[in-house]
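Below is one structure, written out as structure tokens; comments come after it.
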Amino acid sequence: MKRSHINPDETKAWGKLEKHFEEIKDVNINQWFENHPDRVKNLQIKWDSFLVDFSKNRINEKTVELLLELAHEMGLKEGIEAYFKGEKINKTEDRAVLHTALRGEEKPEEVQETLDRMKIFSQSIIDGKWLGFSGKRITDIVNIGIGGSDLGPRMAVEALSYYRNHLNIHFISNIDGDQSAEVLKRINPETTLFIIVSKSFTTLETLHNAKICRRWFLQTFPKKAMPQHFIGVSSNIEEANKFGIGKKNIFPMWDWVGGRFSVWSAVGLSLCCAIGFENFNQFLKGAQKMDTHFRKTDFSKNIPVIKALISIWYNNFYEVETQAIIPYSSYLERLVPYLQQAFMESNGKNISRNRKKVSWQTGNIIWGATGSNAQHAFFQLLHQGTKLIPCDFIGFKKPLHADQKTHDLLISNFFAQTEALLRGKQQTSEDNSSHPASAFKVFEGNKPSTTLLINQLSPETLGSLLALYEQEIFVQGFIWNIFSYDQWGVELGKELASSLCDILQNKTSHRNLDNSTQALVDSYVGD
């Protein structure tokens, strides 16, 4: 058996972790704080403008030691090198996984050429040198894509709103016609640029929405006006040409970049236009710095490695299924949906790299929302519910706007929630225990969280944060012995939808439906 394909539960470290779990599973985190004054110091990592505090987790130094032993026994170091060197670790599709090359210090020639094109293009749009067919400046950009071609740029454009210029950026992703209609009624065809993002240029939702936008545009202008208003990001030049986009207006995508990790490429063209190339370059720089930290730093002080190993500890030993991510910044409202795709599409797998069904849990259910809104929504479940839910809290030391008092109030909530989850609240001798409501006011505490405290939200720190989570995903998948970089589970629904659409529109069926689906079809077409 290849070292890199060993199952985690076959390692010596896994057996040690099972024994260790039985020894400490009932220990309250607060006891460790009381008995070990250096706990915070030993379970904190300071890197660049990040401080990551792992001390409020149900772990001690022995847990970390054994988790690191698991990583070494699985061959994680060799796996990381294979990943960065471009070996074809995406075996089921026979592809390398090289989104890190998009932001590396020494970029492949084709990547640098694309970045140079993005710089020239975005600057011409921002400066008003790129004119629409009628001679007017571009004021609005519509990004048409789905999945990673939408979630990444949409999240980053919103996250970096503070750094945006005068351009209005819109996104169309859902095949729901209401979404495209709402966007189209807010824009002017004379001053709008459409960016169609699809690696294959055959993605059903993207192509359908692109055709809606083209039809809308051609109600005002002739077909010869399209070069000034339609841009493609794709690896399929032929299909893009058929749509009406000339070669000069097509930016490349590569098979070694998965969609959910593609915001660093020309998929981020709308982001590049929104914040300018220099800020986009800082975004890449931040990711590159985290990549270097991940690749070069000893595992004991390696943020993505420790974060991933702790998530494995909860998933596989505590049998926890979910992880909440709670950013205390309204700018990061779309971070959770972005990370949902990144984690759940990557590690939602039940077949190992040995082609056998796994006997251990893989994947985390990622969910969450921004604080302090989330405190008034689902925090009741976190504090007094029956489920154990590890949380990531993300906050920033410095506000982007000048209101320090408001920021202090936000951060006081940020710190208070992690403290409350940890310490809880018990009845004291001063409490009236005979009061009917007294029992309902008890908080058990001992609820785990990890705190990421970052200096300030910027293109660079956002890049580092996203790369941190990307590398956590890699470590999880590697330890679980699964292929993280394919997504075959997406395909079946697409295939069935295509044939069902034919049934709905033509009222003829070329395949047998289950009774439930047939009844739904009959109800839909019968009204």
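Derivation of every value follows stated rules applied to the coordinates shown; laboratory data play no part. Fair warning: this is a prediction, and the values are worked out from it, not measured in the lab. Note: ideal-geometry Cβ built from the backbone for every residue, glycine included; neighbour counts use all protein chains shown.
Between residue 388 and residue 5, what is the FRET efficiency for a Förster distance of 25 Å, r being their Cβ-Cβ separation, to the nearest 0.05? Present the calculation step by step, with values, prior to reporting the outcome.
Numbers: r = 31 Å, r/R0 = 1.24.
Once rounded, the FRET efficiency stands at 0.20.
Which of rounded, prolate, oblate describes the stretch 99-281, given a ≥ b ≥ c as roots of the alpha-carbon gyration tensor eigenvalues and a/c under 1.5 marking rounded, otherwise prolate only if a/b is larger than b/c?
Since a/c stays below 1.5, the shape of the stretch 99-281 is classed as rounded.
Given the chain, what percent of its DSSP beta bridges are antiparallel, to the nearest 5?
On the way: 12 of 41 bridges.
Bridges in the chain are about 30 percent antiparallel.
For residue 515 and residue 77 in the same chain, what is the full-extension length gain: residue separation times 0.36 nm, less their Cα-Cα distance, in nm? Mind showing how you got there, number by number?
On the way: separation 438, 0.36 × 438 = 157.68 nm, distance 5.08 nm.
Full extension of this stretch gives 152.6 nm more.
Each residue of the stretch 40-57 in turn: what ³J(HN,Hα) in whole Hz from Karplus with 6.51, -1.76, 1.60 and θ = phi - 60°, glycine and Pro shown as x?
Taking θ as phi minus 60°, the curve returns 4, 4, 7, 10, 10, 10, 9, 8, 6, 9, 10, 10, 10, 10, 9, 5, 8, 9 Hz for the stretch 40-57.
Arrange the peptides 123-134, 449-460 so that the one whose residues have, on average, the most other Cβ atoms within 10 Å appears first. Before the final figure, lay out each step's value.
Working: 123-134: 15.5, 449-460: 20.5.
Descending mean neighbour count gives 449-460, 123-134.
Please arrange 118, 74 by how many other C-beta atoms lie within 10 Å of their C-beta, fewest to most.
Numbers: 118 21, 74 25.
By the 10 Å Cβ count, ascending, the order reads 118, 74.
At a Förster distance of 51 Å, what's the computed FRET efficiency of residue 501 paired with residue 42, Cβ-Cβ distance as r, to 0.05? Walk me through the numbers on the way to the answer.
Values: r = 57 Å, r/R0 = 1.13.
For residue 501 and residue 42, the calculated efficiency is 0.35.
Full extension from residue 191 to residue 27: what is 0.36 nm times the residue separation minus their Cα-Cα distance, to one decimal in nm?
On the way: separation 164, 0.36 × 164 = 59.04 nm, distance 6.26 nm.
Net length gain for the segment: 52.8 nm.
With θ taken as phi - 60° and the coefficients 6.51, -1.76 and 1.60, list the Karplus ³J(HN,Hα) couplings across the stretch 380-395 in order, rounded to whole Hz; mark glycine and proline as x.
The phi angles translate into 4, 5, 4, 7, 10, x, 8, 9, 8, 10, x, 10, 9, 9, 10, x Hz.
Any of 19/397; 107/247; 46/447; 62/447; 107/242 with alpha carbons more than 28 Å apart? Name them for me. Show your work: numbers first, answer last.
On the way: 19/397 40 Å; 107/247 23 Å; 46/447 23 Å; 62/447 20 Å; 107/242 31 Å.
Correct reply: 19/397; 107/242.
Given bins 10 angstrom wide, list per bin the percent of all Cα-Cα distances in the stretch 169-247, short to long.
18, 55, 26, 0
So which helices of the chain fit the span-like rule, where a helix is a whole DSSP H run, its Cα atoms reach 15 Å or more along the axis, and its mean Kyte-Doolittle is at least 1.0? It would help to have the intermediate numbers written out before the result.
Details: long enough: 12-24 (18 Å, -1.06); 61-73 (18 Å, -0.05); 109-127 (27 Å, -0.47); 148-159 (16 Å, -0.10); 204-217 (20 Å, -0.39); 277-296 (28 Å, -1.14); 303-316 (20 Å, 0.88); 335-347 (18 Å, 0.05); 404-423 (28 Å, -0.12); 459-479 (30 Å, 0.62); 491-506 (23 Å, 0.04); 515-526 (16 Å, -0.04).
Membrane-span-like by this rule: not one helix.
If you take the Cα atoms of the stretch 261-354, find Rg, then find the Kirkwood Rh from the mean of 1/r over all pairs, what is Rg/Rh?
Numbers: Rg = 16.2 Å, Rh = 16.1 Å.
Across the stretch 261-354, the Cα-based Rg/Rh ratio is 1.01.
With a 10 Å radius around each residue's Cβ, average the other Cβ atoms per peptide and rank 259-266, 196-203, 439-446, highest first.
Numbers: 259-266: 25.4, 196-203: 22.9, 439-446: 12.9.
Those peptides, ordered most packed to least, come out 259-266, 196-203, 439-446.
Would you mind classifying the chain by shape? Square roots of the alpha carbon gyration tensor eigenvalues, ordered a ≥ b ≥ c; an a/c under 1.5 is rounded, otherwise it is prolate if a/b is larger than b/c and oblate if not. Walk me through the numbers before you get to the answer.
On the way: a/c = 1.61, a/b = 1.54, b/c = 1.05.
Prolate.
At a threshold of 8 angstrom on Cα-Cα distance, excluding pairs fewer than six apart, so keeping six or more, what relative contact order does the chain reach in percent? List each step's numbers first, then the result.
Working: 829 pairs, mean separation 98.9, N = 527.
This gives 19 percent for the chain.
Using Cβ counts within 10 Å as a stand-in for footprinting exposure, how do 391, 273, 501 rank, fewest first?
Details: 391 22, 273 30, 501 11.
Exposure proxy ranking, most exposed first: 501, 391, 273.
Please order 113, 73 by the number of other Cβ within 10 Å, starting at the fewest.
Details: 113 12, 73 17.
Ordered from fewest to most neighbouring Cβ atoms within 10 Å, 113, 73 come out as 113, 73.
Work out from phi, with θ = phi - 60° and the Karplus expression 6.51 cos²θ - 1.76 cosθ + 1.60, the ³J(HN,Hα) of each residue of the stretch 85-96, listed in order in whole Hz, and give x for Gly and Pro.
Per residue, the Karplus-derived 3J(HN,Hα) values read 7, x, 5, 7, 7, 8, 5, 5, 10, 6, 10, 6 Hz.
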